[in-house]
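The values are calculated or read from the model by the stated rules, or taken from the named source; none is laboratory data. Just so it is clear, the model here is predicted, and its values are computed rather than measured. When we count neighbours, we look across all protein chains shown, and the Cβ atoms used for this are built from the backbone with ideal geometry, even at glycine. The area values use the complete protein model at the heavy-atom level, side chains included, leaving out ligands, DNA and RNA. Shrake-Rupley method; radii C 1.70, N 1.55, O 1.52, S 1.80 Å.
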Amino acid sequence: MTTVNDVFNVVADDPAAEMAALGRAHGIYPYFLPLEESEGTEVVMEGKRLVMAGSNNYLGLTAHPRVRAAAVEAVQRFGTSCTGSRLLNGTLAIHLELEERLARFFGKEDALVFATGYQSNVGAITALLGPAHIAVCDKEVHACILDGVHMAGSQLARFRHNDPEDLEAVLELYADTPAMVIVDGVYSMGGDLAKLPEIVSVARRRGARVYVDDAHGLGVVGPGGRGTAAHFDRVRDVDLIVSTFSKSLASVGGVVAGSAEVVDFIRHHARSMLFSAALPPSNTAAALAALDVLENEPDRPIRTQRHADRVRRELRAMGYDCGTSETSIVPVFTRDESTTAAAWKELLDRGVYTNPVMPPGVAPGRGMLRTSYMATHTEAQIDQVIAAFADIADIVRPGQVES
Ligand code: PMP
């Protein structure tokens, strides 16, 4: 007979726990490290001041006075929580205001706000797809899309990363099954842009719908930070745009934007929204205020991009491999785990915070330091990041750096 103890047996020989214990013993366990202070571009960890080169706060708005004030005012006006689902007592006037603003921002008829980006993807995908459908996903889509597909019980096929020809071959294989092509607008690890014009044209030719998760495109890519579909002038060809407030919009929460009919269908079927508490007042107001700032300060996305372009250019000149990145995310490929951990630690010692990414977060041999840049970084902070990478170039072992 199965007992609770049998279930907990999985905990005993967990390789992840062994790796964590080993890392902690050597002072190089890089995860769940608490920050003691954060001003955005600068954080304090273990009493040490660091330049933050690993945040998704691309526009630097978590520290913006207007965004902070809006969050505080919302707490004064609505309290600390919605204490209920959007369906029942949890909908606020500011949720509807944010939905209307985001629909207009993305150039879509309607939008629906969720409590997180994760729930947005899971909610939209489980609402729309079932066993009779197939989700045709890029190999590098975000994990929550795959979770949504699994929860939907739909069929799943993957195509080679950003490869429209492979997409076409997969769609041909499943020609009789209603399909939704799912891509990220900006890939969260590689920092590359989806080849949206080609992907949309293949999908249209094959009668498939197109779904773009633009978590890392909103606020950074396209005219006025309107995202990847706007960047490629393909807003009308993308059926659903999904994004999150936990990056450029300096909050938490997420959004699904599309036609009025489809969004209203999702509104009545997205279980991750219907059976969970609504986005809190403070986060709703912060996202609204961040959107205001973005619309009123169009140079912010440009500054973010300029910093990332400079880092990419200088790191590549030093021989680093930054892959095909072209956005605010600049990966530095370090390949194996020990190199990744060593490089991460050396950068910390030089006052620079980066995110080490290792399997299973990426495929084996694709270990990297994920770095990302903010509109509010100063040139001096960017200098420090570049100087630190110059210092540790020999740690990334010979043969692993492109010449
Ligand atoms: N999609 C992508 C591409 C992401 O990178 C993330 C978060 N890293 C999410 C969705 C989930 O968003 P959230 O953090 O708001 O739940």
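The table that follows gives values for the structure above.
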quantity: Members of the stretch 125-141 that are within 10 Å of the ligand (Cβ to nearest atom) and open to solvent by less than 40 Å² (accessible area, probe 1.4 Å); calculated: VAL141
quantity: Flag for LEU92 being touching a strand residue (DSSP E or B) at 6+ places or on another chain (Cβ under 6 Å) and at negative phi; calculated: no
quantity: GLY219 vs. criteria of a type in the set (Gly, Ala, Ser), within 14 Å of the ligand (Cβ to nearest atom) and at pLDDT 95 or above; calculated: yes
quantity: Filter pass, SER85 being open to solvent by less than 30 Å² (accessible area, probe 1.4 Å), within 24 Å of the chain's Cα centre (by Cα), polar (S, T, N, Q) and assigned by the TED database to the domain that holds THR284; calculated: no
quantity: Verdict on ASP213 being touching a residue at least 40 places away in the same chain (Cβ under 8 Å), within 16 Å of the ligand (Cβ to nearest atom), out of contact with any helix residue (DSSP H, G or I) (no Cβ under 8 Å at 6 or more places or on another chain) and of a type in the set (D, E, K, R); calculated: no
quantity: Residues of the stretch 236-249 satisfying the condition of being hydroxyl-bearing (Ser, Thr, Tyr) and crowded, with 24+ Cβ neighbours inside 10 Å; calculated: SER243, THR244, SER248
quantity: Hits in the stretch 222-235 - residues which are open to solvent by 10 Å² or more (accessible area, probe 1.4 Å) and either at positive phi or part of a helix (DSSP H, G or I) (or both); calculated: GLY222, PRO223, GLY224, ALA230, HIS231, ASP233, VAL235
quantity: Test for ASP237: is it more than 13 Å from the ligand (Cβ to nearest atom), over 15 Å from LEU61 (Cβ atoms) and in contact with a Lys or Arg (Cβ under 8 Å, 6 or more places away or on another chain); calculated: yes
quantity: Candidates ARG104, ARG66, filtered to the one that is without any contact (Cβ under 8 Å) to a residue 12 or more places away in the chain and under 23 Å from ARG300 (Cα atoms); calculated: ARG104
quantity: Long-range neighbours under 6 Å by Cβ, at least six apart or interchain, first residue assigned by the TED database to the domain that holds VAL262 within the stretch 224-242, second aromatic (Phe, Trp, Tyr) and open to solvent by less than 20 Å² (accessible area, probe 1.4 Å); calculated: LEU240/TYR211; ILE241/PHE106
quantity: Matching residues, the stretch 250-286, being surrounded by 18 or more Cβ atoms within 10 Å (Cβ to Cβ), more than 13 Å from the ligand (Cβ to nearest atom) and either within 18 Å of VAL235 (Cα to Cα) or modelled with pLDDT under 95 (or both); calculated: ALA257, GLY258, VAL262, VAL263
quantity: Single unsatisfied condition, PHE105 versus (1) in contact with a helix residue (DSSP H, G or I) (Cβ under 7 Å, 6 or more places away or on another chain); (2) surrounded by fewer than 17 Cβ atoms within 10 Å (Cβ to Cβ); (3) under 30 Å from ASP309 (Cβ atoms); calculated: (2)
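This table checks each residue for (1) farther than 30 Å from ASP292 by Cβ; (2) buried (at least 24 other Cβ atoms within 10 Å of the Cβ).
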position	(1), (2)
ALA143	yes, no
GLY153	yes, no
ARG160	yes, no
THR177	yes, no
VAL181	yes, yes
GLY190	yes, yes
ARG204	yes, no
HIS216	no, yes
VAL220	no, yes
